[in-house]
Protein chains: 2
Amino acid sequence: MADPSFISQRGSTEAVEEGLALAPKFDADGLITCVATEAGSGEVLMVAHMNAEALRRTIESGEAWYYSRSRKSLWRKGETSGHVQRVVEMRIDCDQDAVWIKVEQLGPGACHTGRRSCFYRAVPLGKAGAVTLEFRDGDKSFDPKAVYRDKA
Amino acid sequence: MADPSFISQRGSTEAVEEGLALAPKFDADGLITCVATEAGSGEVLMVAHMNAEALRRTIESGEAWYYSRSRKSLWRKGETSGHVQRVVEMRIDCDQDAVWIKVEQLGPGACHTGRRSCFYRAVPLGKAGAVTLEFRDGDKSFDPKAVYRDKA
């Protein structure tokens, strides 16, 4: 269990939005959404989730920890790949149900598919009907099979 | 109901991650996470949710539509405040459970509290124990009481 002492009870809307206490709104699964952007470029690298323990470890260590919903486990970003995220700044939003971390992404990329960012496909705008995605920055910057070789 | 014709059935992991079909993974409530960043600065303005209909309308119109979980209704960003978001580019992530829109934010801000961004407080890093948030870019750019005057 996470030491809950770093988290405050959620008070009034005014307190949550204008106060200085960290009072995250975890969802029914105990998770909060986290957006990681690259500090230099502003590019969104990934969207993932944190539970209280991942949030605490990220705050204390300055490195990104997440909670994997598929693996149902705490996950230090880069623990397998070495592609650690150093957190330059963490922010929380008005109703405290999302955090934004600006990171320095170590290694060639954040995405398990081998790209720098998970957002390597664009959705064309201004048209109705069936959508055909378009690759953008879709070249792989590393070989995921080699990086994750020893993992299932 | 949304016309589902713009959405494809989710196939294999390979198809979802490397294919060109839009096959979003909506959660149990029928929602997908959306991150809106300011096209010019790369600043994260807000994190919100879209249902299939909000996604379809955003794609077709090039303006941001969301689904409000608190109001349980479709919501055109700016419909009350006039602070419309023009979508410059939309991207979808590897497993298609999050979208990223780069927007031009019309008007003084995106946040219902009166700030440009919802992320106006920082979480200090590198310390254990109780957290005290710090305002960053916390000045209000508009008066929410005036802008939302006629709304509950």
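The values are calculated or read from the model by the stated rules, or taken from the named source; none is laboratory data. As the structure is a prediction and not an experimental result, all values here were calculated from the model. Neighbour counts are summed over all protein chains in view; Cβ atoms, including those assigned to glycine, are modelled from backbone coordinates with ideal geometry.
Observations on the structure shown:
- Of the residues in the stretch B:25-42, at least one is on the phi > 0 side of the Ramachandran plot and either of a type in the set (D, E, K, R) or part of a loop (DSSP other than H, G, I, E, B) (or both).
Here is a yes/no grid of residues against (1) closer than 26 Å to A:GLY19 by Cα; (2) of a type in the set (A, V, I, L, M, F, W, C); (3) touching a Gly at 6+ places or on another chain (Cβ under 8 Å):
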{"residue": "B:GLU89", "(1), (2), (3)": "no, no, no"}
{"residue": "B:TRP100", "(1), (2), (3)": "no, yes, no"}
{"residue": "B:THR113", "(1), (2), (3)": "yes, no, no"}
{"residue": "B:TYR120", "(1), (2), (3)": "yes, no, yes"}
{"residue": "B:VAL123", "(1), (2), (3)": "yes, yes, no"}
{"residue": "B:GLY126", "(1), (2), (3)": "yes, no, yes"}
{"residue": "B:ALA130", "(1), (2), (3)": "yes, yes, no"}
{"residue": "B:PHE135", "(1), (2), (3)": "yes, yes, no"}
{"residue": "B:LYS140", "(1), (2), (3)": "yes, no, yes"}
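- Within the stretch B:91-128, considering residues that are of a type in the set (Lys, Arg) and in a loop (DSSP other than H, G, I, E, B), the one surrounded by the fewest Cβ atoms within 10 Å (Cβ to Cβ): B:LYS127
- If you check A:SER68, A:SER61, A:SER81, A:SER73 for being crowded, with 18+ Cβ neighbours inside 10 Å and either closer than 24 Å to A:ALA146 by Cβ or modelled with pLDDT of 95 or more (or both), only one passes: A:SER81.
- Evaluating A:SER12 against the criteria (1) more than 11 Å from chain B (Cβ to nearest Cβ); (2) within 16 Å of the chain's Cα centre (by Cα); (3) at pLDDT 95 or above leaves one unmet condition, (2).
- Filter pass, A:ALA39 being in contact (Cβ under 8 Å) with a residue 40 or more places away in the chain, farther than 20 Å from A:SER141 by Cβ, surrounded by fewer than 20 Cβ atoms within 10 Å (Cβ to Cβ) and more than 8 Å from every other protein chain (Cβ to nearest Cβ): no
- Subset of the stretch A:76-90 that is assigned to a strand (DSSP E or B) and not acidic (Asp, Glu) - its residue that is nearest to the other protein chains (Cβ to nearest Cβ): A:MET90
- Filtered residues of the stretch B:103-129 (kept if within 7 Å of chain A (Cβ to nearest Cβ) and of a type in the set (S, T, N, Q)): B:THR113
- For B:ALA130, the criteria (1) at pLDDT 95 or above; (2) within 30 Å of A:GLU53 (Cα to Cα) hold in every case but one, which is (1).
- Residue count for the stretch B:42-60, restricted to those that are closer than 20 Å to A:SER41 by Cβ and acidic (Asp, Glu): 1
- Complete set of residues in the stretch B:106-152 that are of a type in the set (S, T, N, Q) and touching an Asp or Glu at 6+ places or on another chain (Cβ under 6 Å): B:THR113, B:SER117
- For the stretch A:50-58, the count of residues that are within 15 Å of the chain's Cα centre (by Cα), within 28 Å of B:SER117 (Cα to Cα) and free of Cβ contacts under 8 Å to residues at least 24 places away in the same chain is nonzero.
- Output for the stretch B:122-152, where each listed residue is touching a strand residue (DSSP E or B) at 6+ places or on another chain (Cβ under 8 Å) and basic (Lys, Arg): B:ARG136
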